[in-house]
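J.: Before I ask anything, let me first share the structure, which is written out below as structure tokens.
The values are calculated or read from the model by the stated rules, or taken from the named source; none is laboratory data. This structure is a prediction, so every number in the text was calculated from the model and none was measured. Here Cβ is always computed from backbone atoms with ideal geometry, including for glycine, and neighbour counts include all displayed protein chains. These area figures cover heavy atoms from the full protein model, side chains too; ligands, DNA and RNA do not enter into them. Shrake-Rupley method; radii C 1.70, N 1.55, O 1.52, S 1.80 Å.
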Amino acid sequence: MSLFQRSRSVLLAVAAAGVVVASGVAVIGTAEAATTLGASAAEKGRYFGAAIAAGRLGDSTYTGILTREFNSVTPENEMKWDATEPSQGRFTFTNGDRILNQGLSNGSKVRGHALLWHAQQPGWAQSLSGSALRSAAINHVTQVATHYKGKIHSWDVVNEAFADGGSGGRRDSNLQRTGNDWIEAAFRAARAADPAAKLCYNDYNTDGVNAKSTGIYNMVRDFKSRGVPIDCVGFQSHLGTGIAGDYQANLQRFADLGVDVQITELDVAQGGNQANIYAAVTRACLAVSRCTGITVWGIRDSDSWRTGENPLLFDNSGNKKAAYTSVLNALNAGGTTTPPSPSSPSPSTPPQPGGACSATISLNSWNGGFVATVRVTAGSAGLNGWTVGVTLPSGTAVTGTWSASGSGTSGAVTFRNVSYNGQLSAGGATEFGFQGTGAGPTATPTCSAG
């Protein structure tokens, strides 16, 4: 995302597709609650960051908020291809290094954004094609990631490579025309250059379960099955006046593939729901153990690329808005659980002493519909496949399922594992989800092996 690349029409489409969240914001529960966003997020093992611009670092109000409130930074434009390699083979890192040093001097994590993108390419790269472009792109990834080796928390290795609309396919670009394996090649080059950095794919209009997010999901699943190095998926979340009802469930289905998820470019159009939407996104991240952090795309409304929409947490003068308070309250109400390591079961679900498996269900409900997340935990013998039974109330129907194969849409329905999540070690756990119309199920699910 740049300061000028996304049109308002896309944002309005996102808003129109979303479900307006219910009113009501969590309140701070104790007198000892953290008083800044970064401090509160850190208590939960997460970060709360901001995208920043090198040209604004001389503004004392801007840097004062940055150093006080945030424990992660992302460069808006300073690490993109046109900024770091303006002519082929000649690299310049002056402004990127300013962002890096600003973050490190404050003890913050630094997210790298972005190694390859179809937009903001230097003119010389735009004139290349085929094998010449592929070679130049991989060299760019290698050189930039090597320069920042050991200093970047996570890289947006590839940005916005999937098309909008209902196809779920790749975006046509000069990079895509070098061959469908270009994303894989970029991730492999990034891993070789900086083995310690988390490697992310980043995109927009992917906030709910839709054709575009499912296309990305299928790519990530394929990468994981073949050992392609991918560690995280970024969800930009440029939101209008609503948020998809399956926002949290969408994050969770990606997490269930074995990758971290990050909210990478959050901003919300100002209106009656702004504070509530910010709080809802924050709560969704806290509810997904592998959601490692949130980044807002800018600091003050006057710094935003969404001119006139006032979409950030601080007003033009640097004053805290209601949206700021809603986020801090949601963070402080979110508990102090540190996200578990990728190989560990969630601490909230201890290993079961006996039985083939057990299942628990949690709901995110609204008037007329719901999203259910079901957690399957293996017993003492482990599993090589599982089946979960759920009884739905009268009038309720399943409309979509992920990370499982469903049978039936009403009454007594069953869900079975898919190829990548059926084998669980003793005490291990996985999750799947489904959404539906009507009231969500309240009975405890059944679980059996096979």
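J.: Place the peptides 307-318, 404-415, 86-97, 245-256 in order of packing, highest mean first, counting for every residue the other Cβ atoms within 10 Å and averaging per peptide.
T.: 245-256, 307-318, 404-415, 86-97
J.: Tell me the label-point distance for the pair SER60, ASP181, using the 7 Å Cα-to-Cβ offset, in nm and rounded to one decimal.
T.: Each label point lies 7 Å from its Cα, and together they span 5.7 nm.
J.: Ok, one more. Accessible area of TRP386, 1.4 Å probe, to the nearest 10 Å²?
T.: 0 Å²
J.: If you don't mind, there's one more thing I want to ask. Sort ARG290, ARG283, ARG170 by heavy-atom solvent-accessible area, probe 1.4 angstrom, most to least.
T.: On the way: ARG290 35, ARG283 95, ARG170 60 Å².
Sorted by accessible area, descending: ARG283, ARG170, ARG290.
J.: Show me 201-210, 180-189, 217-226 ranked by packing, highest mean number of other Cβ atoms within 10 Å first.
T.: 201-210, 180-189, 217-226
J.: Further question on the same structure: Please report the antiparallel percentage of DSSP beta bridges with both residues in the chain, rounded to the nearest 5.
T.: Among the beta bridges of the chain, antiparallel pairing accounts for roughly 55 percent.
J.: Residues with beta-carbon under 13 Å from that of ILE361, excluding ILE361: net charge, scoring Lys, Arg +1 and Asp, Glu -1?
T.: Overall, the nearby charge balance is 0.
J.: In whole Hz, what ³J(HN,Hα) sequence does the range 194-205 give by Karplus (6.51, -1.76, 1.60; θ = phi - 60°), x for Gly and Pro?
T.: Rounded to whole hertz, the list is 9, x, 8, 6, 6, 10, 10, 9, 10, 7, 10, 6.
J.: Suppose a student asked you for the relative contact order of the chain, using Cα pairs under 8 Å spaced at least 6 residues apart; what percent would you report? Write down the numbers at each step before the final one.
T.: Values: 1022 pairs, mean separation 67.7, N = 450.
The normalised contact order for the chain reaches 15 percent.
J.: Give me the dipole magnitude in Debye, nearest 20, for the chain about the Cα centre, with unit charges on the beta carbon: positive for Lys and Arg, negative for Asp and Glu.
T.: Magnitude of the dipole: close to 480 debye.
J.: With a/c under 1.5 counting as rounded, go ahead and sort the range 167-207 into rounded, prolate or oblate using the C-alpha gyration tensor (a ≥ b ≥ c being the square roots of the eigenvalues; past the cut-off, prolate if a/b is larger than b/c, else oblate).
T.: Oblate is the answer for the range 167-207, as a/c is 1.5 or above yet b/c matches or exceeds a/b.
J.: Size of the dipole of the range 70-187 about the Cα centre, Lys and Arg at +1 and Asp and Glu at -1 on the beta carbon, nothing else charged, in debye to 20?
T.: 260 debye
J.: Let me ask something additional. If you take the beta carbon distance between LYS224 and SER425 as r and set R0 to 25 Å, what does 1/(1 + (r/R0)^6) give as a FRET efficiency, to the nearest 0.05?
T.: E(calc), rounded to 0.05, equals 0.90.
J.: Ranked from highest to lowest mean number of other Cβ atoms within 10 Å per residue, what is the order of the peptides 292-298, 69-75?
T.: 292-298, 69-75
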